[in-house]
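Comments concern the structure below.
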Amino acid sequence: FCVADARSIPFKSNVFDFLICTEVLEHLVESQGNAAVRECYRVLRPGGVALFTVPNGKGVLGDYFCAHIRFFSFESITTLIKEAGFEVISGQKFGLYIPLVSRFIGFVYNAQGRYVPVTPMLNLNVPESLSLTFLIECRKPVI
(Lines give C-alpha, C1' and ligand atoms only; values in the text may rest on other atoms or scores of the structure.)
Protein backbone atom coordinates (compact mmCIF):
# COMPACT_ATOMS: atom_id res chain seq x y z
CA PHE A 1 0.00 0.00 0.00
CA CYS A 2 1.08 3.53 -0.66
CA VAL A 3 -0.42 6.79 0.57
CA ALA A 4 0.18 9.52 -1.98
CA ASP A 5 -1.30 12.50 -3.73
CA ALA A 6 -3.43 11.24 -6.64
CA ARG A 7 -2.04 14.05 -8.80
CA SER A 8 1.51 12.76 -8.38
CA ILE A 9 1.53 8.97 -8.00
CA PRO A 10 5.07 7.92 -6.91
CA PHE A 11 5.55 5.15 -9.46
CA LYS A 12 7.19 4.98 -12.87
CA SER A 13 5.07 5.31 -16.01
CA ASN A 14 3.49 2.23 -17.62
CA VAL A 15 3.93 -0.16 -14.67
CA PHE A 16 0.46 -1.31 -13.61
CA ASP A 17 -1.75 -3.84 -15.38
CA PHE A 18 -4.86 -2.88 -13.43
CA LEU A 19 -5.93 0.24 -11.57
CA ILE A 20 -8.94 1.08 -9.41
CA CYS A 21 -9.98 4.65 -8.60
CA THR A 22 -13.18 4.40 -6.62
CA GLU A 23 -15.12 7.18 -4.91
CA VAL A 24 -12.23 9.67 -5.13
CA LEU A 25 -12.80 12.14 -7.95
CA GLU A 26 -15.93 13.70 -6.44
CA HIS A 27 -13.79 14.93 -3.52
CA LEU A 28 -11.40 16.89 -5.75
CA VAL A 29 -11.86 20.23 -7.47
CA GLU A 30 -11.93 20.02 -11.26
CA SER A 31 -8.22 20.70 -11.89
CA GLN A 32 -7.14 18.20 -9.21
CA GLY A 33 -9.54 15.51 -10.46
CA ASN A 34 -8.43 15.96 -14.04
CA ALA A 35 -4.78 15.69 -12.95
CA ALA A 36 -5.56 12.53 -10.94
CA VAL A 37 -7.14 10.83 -13.97
CA ARG A 38 -4.14 11.79 -16.12
CA GLU A 39 -1.82 10.29 -13.46
CA CYS A 40 -3.84 7.07 -13.50
CA TYR A 41 -3.35 6.99 -17.25
CA ARG A 42 0.40 7.62 -16.89
CA VAL A 43 1.08 4.75 -14.47
CA LEU A 44 -1.08 2.20 -16.32
CA ARG A 45 0.76 0.14 -18.92
CA PRO A 46 -0.52 0.13 -22.52
CA GLY A 47 -3.37 -2.39 -22.69
CA GLY A 48 -3.91 -2.09 -18.93
CA VAL A 49 -7.43 -1.77 -17.53
CA ALA A 50 -8.75 0.83 -15.11
CA LEU A 51 -12.01 1.01 -13.16
CA PHE A 52 -13.40 4.35 -12.03
CA THR A 53 -16.46 4.83 -9.86
CA VAL A 54 -18.14 8.06 -8.82
CA PRO A 55 -21.53 8.72 -7.26
CA ASN A 56 -24.27 10.05 -9.50
CA GLY A 57 -24.12 13.70 -8.53
CA LYS A 58 -26.97 14.59 -10.90
CA GLY A 59 -29.42 11.91 -9.73
CA VAL A 60 -32.11 11.96 -7.06
CA LEU A 61 -29.53 11.88 -4.24
CA GLY A 62 -27.12 14.38 -5.79
CA ASP A 63 -28.17 17.21 -3.47
CA TYR A 64 -27.45 15.06 -0.40
CA PHE A 65 -23.77 14.47 -1.20
CA CYS A 66 -22.65 17.37 0.99
CA ALA A 67 -19.06 16.12 1.38
CA HIS A 68 -18.57 16.16 -2.38
CA ILE A 69 -16.95 19.00 -4.25
CA ARG A 70 -17.64 17.84 -7.80
CA PHE A 71 -20.85 16.33 -9.13
CA PHE A 72 -20.74 14.00 -12.12
CA SER A 73 -23.29 12.92 -14.68
CA PHE A 74 -22.61 9.74 -16.65
CA GLU A 75 -21.61 11.85 -19.64
CA SER A 76 -19.25 14.11 -17.68
CA ILE A 77 -17.32 11.23 -16.07
CA THR A 78 -16.93 9.35 -19.36
CA THR A 79 -15.82 12.57 -21.09
CA LEU A 80 -13.18 13.19 -18.40
CA ILE A 81 -11.83 9.66 -18.77
CA LYS A 82 -11.73 9.87 -22.58
CA GLU A 83 -10.01 13.26 -22.49
CA ALA A 84 -7.21 11.69 -20.41
CA GLY A 85 -6.63 9.24 -23.28
CA PHE A 86 -8.49 6.15 -22.08
CA GLU A 87 -10.73 4.01 -24.30
CA VAL A 88 -14.02 3.33 -22.54
CA ILE A 89 -14.80 -0.40 -22.60
CA SER A 90 -18.08 -0.26 -20.70
CA GLY A 91 -20.06 1.89 -18.35
CA GLN A 92 -22.80 1.08 -15.87
CA LYS A 93 -25.34 3.10 -13.96
CA PHE A 94 -26.24 1.05 -10.91
CA GLY A 95 -27.55 1.12 -7.35
CA LEU A 96 -31.32 1.57 -7.58
CA TYR A 97 -32.75 4.37 -5.45
CA ILE A 98 -36.51 4.75 -5.10
CA PRO A 99 -37.10 7.54 -2.55
CA LEU A 100 -39.82 6.17 -0.26
CA VAL A 101 -39.09 2.49 -0.78
CA SER A 102 -35.33 2.84 -0.24
CA ARG A 103 -35.82 4.94 2.91
CA PHE A 104 -38.38 2.48 4.30
CA ILE A 105 -36.06 -0.50 3.74
CA GLY A 106 -33.21 1.42 5.40
CA PHE A 107 -35.44 2.33 8.36
CA VAL A 108 -36.53 -1.30 8.88
CA TYR A 109 -32.97 -2.64 8.77
CA ASN A 110 -31.66 0.13 11.05
CA ALA A 111 -34.43 -0.58 13.56
CA GLN A 112 -33.28 -4.21 13.60
CA GLY A 113 -29.66 -3.13 14.04
CA ARG A 114 -28.65 -4.60 10.67
CA TYR A 115 -27.11 -3.14 7.56
CA VAL A 116 -29.21 -2.72 4.43
CA PRO A 117 -28.42 -5.50 1.93
CA VAL A 118 -27.46 -3.39 -1.08
CA THR A 119 -25.58 -6.05 -3.04
CA PRO A 120 -28.62 -7.24 -5.07
CA MET A 121 -29.42 -3.62 -5.97
CA LEU A 122 -25.83 -2.91 -7.09
CA ASN A 123 -26.08 -5.38 -9.95
CA LEU A 124 -29.06 -3.65 -11.54
CA ASN A 125 -28.31 -1.45 -14.52
CA VAL A 126 -30.86 1.32 -14.02
CA PRO A 127 -31.81 4.63 -15.65
CA GLU A 128 -29.40 7.45 -14.84
CA SER A 129 -31.97 9.41 -12.83
CA LEU A 130 -32.42 6.48 -10.38
CA SER A 131 -28.82 5.30 -10.19
CA LEU A 132 -26.53 5.92 -7.24
CA THR A 133 -23.16 5.18 -8.81
CA PHE A 134 -21.40 5.12 -12.15
CA LEU A 135 -18.78 2.48 -12.92
CA ILE A 136 -16.57 3.00 -15.96
CA GLU A 137 -14.22 0.28 -17.22
CA CYS A 138 -11.57 1.60 -19.55
CA ARG A 139 -8.26 0.67 -21.14
CA LYS A 140 -5.06 2.48 -21.96
CA PRO A 141 -4.62 2.04 -25.72
CA VAL A 142 -1.71 0.04 -27.09
CA ILE A 143 0.12 2.32 -29.46
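The values are calculated or read from the model by the stated rules, or taken from the named source; none is laboratory data. Bear in mind that the values here come from a model prediction, so they are computed numbers and not experimental data. Quick reminder, even Gly has a Cβ in these numbers, built from the backbone with ideal geometry, and neighbours come from all protein chains shown. Quick note on the areas: whole protein, heavy atoms, side chains included, nothing else; ligands and nucleic acids left out. Shrake-Rupley method; radii C 1.70, N 1.55, O 1.52, S 1.80 Å.
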TODO: Just tell me which lysines come within less than 18 Å, Cα to Cα, of residue 93; anything on the same chain fewer than 8 places away is out.
DONE: 58, 82
Task: Zone of residue 2's modelled label, taken as backbone nitrogen in the range 12-49 under 11 Å from a point 7 Å along Cα→Cβ - done: 12-16, 43-44
Open item on the list: Give the residue list of trypsin sites (Lys or Arg not before Pro) in the range 1-70 that are DSSP loop and have at most 13 other beta-carbon atoms within 10 angstrom.
Closed with: 12
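Which loop-located GluC sites (Glu not before Pro) does the range 1-89 contain, where loop means any DSSP state but H, G, I, E or B and the Cβ has at most 16 other Cβ atoms within 10 Å? Intermediate values should be presented prior to the final figure.
Values: sites: 23, 26, 30, 39, 75, 83, 87; in loops: 23.
Filter output for the range 1-89: 23.
How long is the gain from residue 83 to residue 38 if the chain were fully straight, where each residue apart is worth 0.36 nm and the alpha carbon distance is subtracted? Write out the running numbers ahead of the final one.
Details: separation 45, 0.36 × 45 = 16.20 nm, distance 0.88 nm.
Here the segment from residue 83 to residue 38 would lengthen by 15.3 nm.
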Open item on the list: Can you give me the distance in nm between label points at residue 18 and residue 31, each placed 7 Å from the Cα along the Cα-to-Cβ direction?
Closed with: 3.5
Open item on the list: Suppose accessible area is computed on protein heavy atoms with a 1.4 Å probe; arrange 24, 37 from highest to lowest.
Closed with: 24, 37
